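To keep things clear, I will list the structure first and then write my remarks on it.
The values are calculated or read from the model by the stated rules, or taken from the named source; none is laboratory data. In this text the structure is predicted, and so the values were computed from the model without any measurement. We place every Cβ from the backbone using ideal geometry, glycine too, and count neighbours over all the protein chains shown. When the accessible area is computed, the model is the full protein with side chains, heavy atoms only, and any ligands, DNA or RNA have been set aside. Shrake-Rupley method; radii C 1.70, N 1.55, O 1.52, S 1.80 Å.
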Amino acid sequence: MSIAAAMPSSDADVMIGIGGSPEGVISACALKCLDGEIQARLVARTPDELERAMRKGIDLNRVLTTDDLCSGKEVYVSFTGVSPGSLVQGVQFTKRGAITHSMVMRSSSGSIRFLETHHRFGSEHGLENLPSRWYS
């Protein structure tokens, strides 16, 4: 959802929330592609995490920026929806296979691509017996 706030077509201007470190890095990379900005702070959830952070000299009060989380100049981000979301649809199963929706971004060009991919399942792929509950 943090990515949606930087999309030109979005009604959202700001996103505030909490999440894990990997998600923050992925969001920072996507926001860099969209000329967006992220600010984040690491939080120790347990006394053990606090001790490890202190031992490594990590300043838990420091506000991290987009460039702190994603320092690259040439950044590519792509993702495919599994369940429906605000940016891409989830996987849709059909009698012949599945349809997936993906988003691909590049920081240097600012390009954003939306892909709809039709996957055909069949005996040659070893997927001829999909349960009927998977498709409409």
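Leaving ligands, DNA and RNA out of it, report the carbon-plus-sulfur percent of the accessible area of region 1-82 at a 1.4 Å probe. Walk me through the numbers on the way to the answer.
Details: 3240 of 5920 Å².
Ligands and nucleic acids excluded, carbon and sulfur reach 55 percent.
Pop the C-beta distance of Phe114 and Lys73 into the FRET formula with R0 = 25 Å and round what comes out to the nearest 0.05.
Here the calculated transfer efficiency is 0.55.
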Mind telling me which of Glu49, Glu37, Glu116 comes out most flexible in a GNM of the chain, alpha-carbon contacts under 10 Å?
Glu49
GNM top mover of Arg41, Arg113, Arg52 - the chain, alpha-carbon springs below 10 Å
Arg52
Considering the dipole of region 26-93 built from charges on the beta carbon (Lys and Arg +1, Asp and Glu -1) around the Cα centre, which of Leu34, Val82, Ala44 is farthest to its positive end?
Ala44
So, how do all the Cα-to-Cα distances of region 52-107 break down into 5 Å bins, in percent, from 0 on up?
4, 14, 14, 13, 11, 12, 12, 10, 5, 3, 2, 0
Picking from Gly57, Gly24, Gly85, which is most flexible by a Gaussian network model of the chain using Cα springs under 10 Å?
Gly57
In whole Å and largest first, what semi-axes does the C-alpha gyration tensor of region 1-130 yield when each eigenvalue is scaled by 5 and square-rooted?
35, 20, 13
